[in-house]
1. Rounded, prolate or oblate: pick one for the range A:361-404, where a ≥ b ≥ c are the square roots of the eigenvalues of its C-alpha gyration tensor, a/c under 1.5 means rounded, and failing that, prolate if a/b is larger than b/c, else oblate.
2. Relative contact order for the range A:662-735: what is it in percent, counting Cα pairs under 8 Å that are at least 6 residues apart?
3. Could you work out the percent of alpha carbon pairs in the protein assembly as shown separated by over 39 Å, rounded to a whole number?
4. Counting alpha carbon pairs within less than 8 Å and at least 6 residues apart, what relative contact order, in whole percent, applies to the range B:15-91?
5. If each residue of separation counts as 0.36 nm, what is the full-extension length gain between A:Arg58 and A:Lys128 once their alpha-carbon separation is subtracted?
6. Can you tell me the Rg and the Dmax, both Å, for the Cα atoms in the range A:542-687?
7. Taking the Cα centre of each part, how many Å lie between the range A:562-635 and the range A:5-45?
8. Classify the range A:621-735 as rounded, prolate or oblate from the Cα gyration tensor: take a ≥ b ≥ c as the square roots of its eigenvalues, call it rounded if a/c is under 1.5, otherwise prolate when a/b beats b/c and oblate if not.
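Only the coordinates and a few stated rules stand behind these numbers; no lab work does. Given the structure is predicted, the values throughout are model-derived calculations rather than measurements. For neighbour counting, all protein chains shown are included, and Cβ atoms are generated from backbone atoms with ideal geometry for every residue, glycine included.
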Amino acid sequence: MSPQPQAAVGAPLSRVDGRLKVTGQAKYAADHDIDGVVHAVVVDSSIARGRITGIDTRDAEAQRGVLGVISHLDKPRLTYRQNQVSNAFPGERLHVFQDDTVRFFGQPVAVVVATTLEAAEHAASLVKVSYDAEESATDLTRGPAQDGPPPFARPYARGNAEEALGSADVRLDLAYRLSRNHHNPMETHATIARWDGDKLTVWDKTQWVIGTQNELAAVFGIPLENVRVLSPFIGGAFGSALRAWPHVTIAALAAREIGRPVKLALTRRQMYFTVGYRPAYEYKLRLGSTRRGRLTAMTHDFKYETSRYEQFWEANLALGQMLYAVPNVSQNPQIVPLDVSTPLWMRGPGYGSSAFVIETAMDELAYKLGIDPIELRLRNEPGEDPSTQQPFSTRRLRECFRVGARAFGWRRRDPRPRSTRDGDWLIGTGVATGCYDVFRGQAQAHARLDADGTAVVQSATHDTGTGTYTSMTQVAADALGLTVRNVTFRLGDSAMPPAPAQGASQTMLSVGSAVQDTCDMLREQAIKLAVEDERSPLHGVDPDDVVVRGGRLHVKGDPARGETYRQLLARNNRTYLEARGSYTPEEESRFSMYGYAAMFAEVAVDARLGLVRVRRMLGVYDAGRIISPKLAESQAVGGMVGGIGAALLEHTVTDHRDGRIVNANLADYLVPVNADIPDLKAVYLDGEDYKAAPIGVKSLGELVQIGVAPAIANAVFHATGRRVRELPITAEALL
Amino acid sequence: MFGAGPADAAQASPSSRVTLTINGERRTITVDNRTSLLDLLREHLGLTGSKKGCNAGACGACTVLVDGRRVNSCLTLAVRLDGAEVTTIEGLAKGERLHPLQQAFIDHDAFQCGYCTSGQIMSGVGCIDEGHTGSPEEIREFMSGNICRCGAYVNIVRAVEQAAHGK
């Protein structure tokens, strides 16, 4: 097979769905116009632990337009079959309206359905729920850890960390506290559910249409093929839509009980209760080093929060094992079950939390030893993965730092803390490593080439804003030899060929490789048709010598000899050609595969007020081949904004007396606004990694946020001389 | 579990007739007095381009122009808009021709998920009309009522600059 010319891939194209988004025509979950739809509003618990003793619905039901109020008192029939496909956490998921138990503050306890949203909202406020409350525990720092490690995490040890620490030239013993964060996508979670007999269709905000399909089939006890999940546009998610939460079931249940299609959109306040969060951590790190800055030992003892009914896990061990060449490592992870809802992976899950700890500790070590922070990291660069002894598929962290240091002007820095001042502002710069796994999943795609020379390619994947519509169009266009304009990519429908969840940065690699495979097959099919067709100018040509460009098949090196797809299909009386392809990662790779980043930050800290302002940031990334540079740059800059939020602003506050989240709104849970964000720069190293994927990509969406918070924390230290081992870094900590 | 039938009239919410112009089209509508402009647009008129991000005036996703001024439509009761002129994202383009700020948002990739985009663009139109585009700092300040969780702020500022100054 002759390689196709690269035209669309690597070109800085604007989003193919841009016009829909700037005209308000992109349809998010709650935007779909479904005939006869009525409105549901959830009533949630005002205690964190206990029993419901009564639900008085009389006032609510007396409201005009109210169609019904549903709670556990109605004993709604739900099957809750095992769902091994998309229920990731050991324990048992929350069952909706099946008993009188309250497990966390904000748990759904009833739903009101009415013909108008106004009536449903008002009626929901009139539902009176009485409780028998028990004392609740929601404070990670006080709750006892569960015996034994979290799921999928064994205590890890290599070498003898205690002994190595005892004999180390230099030791650090550090304690960190990371606050809980909420994803807070701009779109609140919403579901529209409609039953047609025993067939269920939902328009849902989900990062995993197949996962939601499996969960609904399991909860309602119906065959998988009876459930269809549609999610063509997603207003951000950052992980919160990676599972079907209780409200999805409630919408479908209400639709079944009321006998009408039902729309249910969570309020912003409800987004803090039942759609997951990045858990709070307490983390102790000990570090041993030689005087010359060679790490000899690292120990990680940490605990994080989970619910009492599910054991949450996330990838918080990998960085401690593979980021630096440390001969002696021990890790002891623990979970603390509390009267809270279950966390869910938030952008850079696990990695972001552990990177903050490791990368700020490396900065402390650099200062203690008097070694430049970049140089310290380079002295501990491993030649192979220290946890598996596997070679790296690619690891260009050294180059990331070299390119970044030059572009950022790192060498001009006076390394002494509190050495640079600009009026009232103390100026500092900091650096940190970012690193994230290359996750890979099975994916399939379907492509159809029509007689008019246009193609439609589809896969049950998603576009949370990452640019999937655009990047897949680019891959397909080059593989088919079509212009981008003549290719349409479709996604977000569980009836399409299956694709993994849009999480863990696996979409470009997995679905992209499936799209490549599918479109290669389709192109080869067309070429075969041509070279075997006596009437084709390509008759008899070796198929390996044919390329397609701009919808025209021709002999490589002889553009004059060829014909278009349209001519080929018309002459052969074919209305279309189609192909279905796939990508399946090898079961065990010989390589250690990660994306890498060097993050640089400059901050200004008001010497008297403790106010921190980010002045500029630069990220340099080793993410493999970049399919869609314009969109990849946007993601990187967006990752910096997310990291700035985590570093300086974001903090879910719980009143531990009753488990209430007191800042469950966007006025009190602070996220970065435009005025918080200076010019940010992102640079992707040119290159590709064909050991990681057939299309040469690694991972990107998580990677770009991982090292941001520690780079900022290190810059704050450089500016002020104050080391803050908590997230977020608040003014109070700097006063 | 379900109400026996239509509740008596005492439980019905008062409603009012208002006449307002939406995207150039004059309409007379009977609205539940509790209805916000945002819910009127989204749930009653099928104009779902304006988004509900917080329903509390904190995020800006619902921003529209009322009599030329940008407002949070979630905090604006429809019943008080008698005689008002409302412009939403659906009314910004002239036929197929995009408003310069819509085009600038595409050119600069000033969005990712697109959910805050309608509000950002309506807010940007207001910001430009108000003359608050003298510098990137000024644009940042006057565009800070619109949250973008994907973090497209750098490109939003560039897009507003382009539309304001033809850059």
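1. Cα axes put the range A:361-404 in the oblate bin.
2. 11 percent.
3. Tail fraction, whole percent: 43.
4. 40
5. This chain segment gains 24.3 nm when fully extended.
6. 26.2, 79
7. 20
8. prolate
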